[in-house]
Amino acid sequence: MKIDKYTQITGLKILIQSLPYIGTPLNEFLFEHRGRIKQDRINNFVQNLKDYLETINENVINSEYINSEEFGDIFETILEKISRTESDEKLKRFKQILVRQIEVPERREYIESFLDIISKITDKQFEILILHDKHIEDYQKIVERSREIDNSEFSNSRFADHVYSHERKELDDKKEDLEKKFLGEGNYNIDKKEYLFLVQDLISKSLLYDAGIGGIGTRPFERVLITDYGQSFIKYVSEK
């Protein structure tokens, strides 16, 4: 016989209540206090969403999509995650995903992946990704220009030394100055141990990669850069 959810919860309450000393306070916390907190989070989120939707033009809304089962599933998933989230930063990200889906829907597998990432990374990791994303374009331009010089037909000639030596020095200096703005624990007000833990976790989620692997004189995780996937994630969950 199938047991409904209400019966299961009631049985759990009775079981917890039977625990000596801690049963009553646990029931209060799990089923009353926690329930109110979760409901308040959802109410506040929906109100913020309502305030935003009242400011936009109806023409930007994808009416066909918001009436689809897929959108309903995504909306339900977001509400479930919000009920378990106390971070204001994460709430903003969840809202932004929903707003973008209402206007220009992204493929479901990407959205589910992004929602999972939001739930699993910390506010400090968001900070790391945002700062990396801010500087990566300028960094890549410097790296690409340096590569062009190294691969030029005159790269190993005296002519190249004369023509490119000054530019090489400028590029190296710019690269070093730029790295100081987003690489290393000093940019995030945390110690090295925590920084390495957060960075390695982001690498495991394919949001960062260790660009220094194989480099002469470069220590592991000394030069980590944001991936294309990481850039897509940050751009999609950031406010316009």
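No lab work stands behind these numbers, since they all come straight from the coordinates. If you're wondering where the values come from, they're calculated on a predicted model, not measured in any experiment. As a convention, Cβ positions derive from the backbone with ideal geometry for all residues, glycine included, and neighbour counts pool all protein chains shown.
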Non-local amide H neighbours of Leu208 (under 5 Å, H modeled in plane, Pro and chain starts lacking H): which ones?
-> Ile203, Thr227
One finds, for Ile130 and Glu109 with R0 = 25 angstrom and r their Cβ-Cβ distance, a FRET efficiency to the nearest 0.05 of 0.60
Using the beta-carbon distance between Asp116 and Asp173 and R0 = 35 Å, what value does 1/(1 + (r/R0)^6) give for FRET efficiency, to the nearest 0.05?
-> 0.30
Report the full-extension gain for the segment Asp228 to Ala211: residue separation times 0.36 nm, less the Cα-Cα distance, to one decimal in nm.
-> 4.8 nm
Sorted on mean Cβ neighbours within 10 Å (highest first), peptides 108-116, 165-173, 91-99 come out as 91-99, 108-116, 165-173
Contour excess over end-to-end distance, with Cα ends at Tyr52 and Glu194 and 0.36 nm allotted per residue | 47.5 nm
Separation of the Tyr236 and Tyr65 label points, Cα + 7 Å toward Cβ, nm | 1.1 nm
Which distance in Å, rounded to a whole number, links the C-alpha centroids of region 176-240 and region 101-148?
-> 11 Å
Mind scanning Lys50/Lys235; Lys50/Lys180; Lys181/Lys205; Lys81/Lys180 and naming the pairs with a C-alpha gap bigger than 32 Å?
-> Lys50/Lys180; Lys81/Lys180
